[in-house]
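Take a look at the structure below.
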Amino acid sequence: MQRALLTPARRAICRSFQSIAVLPSLPVAVVPLRSFSTRPAPWTQPGQSSSSSAAAARIQPQPPKPAKTTTNIAGLDVVPNGRDVFIGLLKEKLAAIEEYNKQLGFEPEFNKYMRTVTQWRLNIAEEEEEVEYIEQRCWGQIEELIQYEEKELDILVAMNEEDKPWEVDESEVREFEELRSPDFGESEEDMLRGRPKDPTPEEQAEIDKFWEEMDAEIRQDQEREKKEREARWARRRAEKEAAVAAQQA
């Protein structure tokens, strides 16, 4: 009887069918692995091993990607030096936040939030030399990110020079006290009656489980992105070292 040769994919399918007792077990032939020669590959140079040629091939500079010609967003033109413009706006906003905090003598919550987000974006922009990865980590095209920064800078100026929500206006306080009078709005009993009920222990357990799984997925994604980022930076350093070695040779 001729033995059946199964690929890994077919073997997996057969096992799944066997688990539900649909197909009988099929004999699988064991094919010995071919012994490979240790001679250098024909494309290697004399005195160079195949492993060294493979390593050299891995650190060859990547071909430059074609320049972006459109953002595919109406009214949003391509910015050729987008990374430099983006970094400049981020530093300008951080300097403005520092100056406003110095004038106020404290840091309002709005400025604190703005500073945190801006510093996070600046760290990414300075770490990544390629615009593509800045866009991936900041969730948007570089032209959109520049537009966001310009608008946020205008909002920062308006909040610190015009709105100033941290300053208390006595007239607004009196108006608020009037709105709190018993003749206005719902009573405390009506508000408590309309409040959503607290979840049962079983429902709360499901909610906690959902957020634990979500946190685990986020941590896995962060670890994966970190490894990809470190591999990319290592490849970039190897390419620079290879270029320097080629110039010296």
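The values are calculated or read from the model by the stated rules, or taken from the named source; none is laboratory data. Note that this is a predicted model, so its numbers are computed, not measured. Counting neighbours? That spans all protein chains shown, and the Cβs are built from the backbone with ideal geometry, glycine included.
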Open item on the list: Exactly one of these conditions fails for Ala95: (1) in a loop (DSSP other than H, G, I, E, B); (2) at pLDDT 95 or above. Give me its number.
Closed with: (1)
Open item on the list: Looking only at residues that are assigned to a helix (DSSP H, G or I) and more than 17 Å from Val78 (Cα to Cα) in the stretch 125-135, which one is farthest from the chain's Cα centre (by Cα)?
Closed with: Glu126
Open item on the list: For the stretch 95-138, which positions are farther than 21 Å from Glu225 by Cα, surrounded by 15 or more Cβ atoms within 10 Å (Cβ to Cβ) and among the aliphatic types (A, V, I, L, M)?
Closed with: Ala96, Ile97, Met114
- [ ] Could you tell me whether any residue of the stretch 207-227 is under 24 Å from Tyr133 (Cα atoms) and surrounded by 11 or more Cβ atoms within 10 Å (Cβ to Cβ)?
- [x] yes
- [ ] Please work out which residue is farthest from the chain's Cα centre (by Cα), limiting yourself to the stretch 193-249 and to residues that are among the polar types (S, T, N, Q) and closer than 21 Å to Gln136 by Cβ.
- [x] Gln220
Task: Residues of the stretch 61-86 that turn out to be buried (at least 16 other Cβ atoms within 10 Å of the Cβ) and not in a loop (DSSP other than H, G, I, E, B), as a count - done: 4
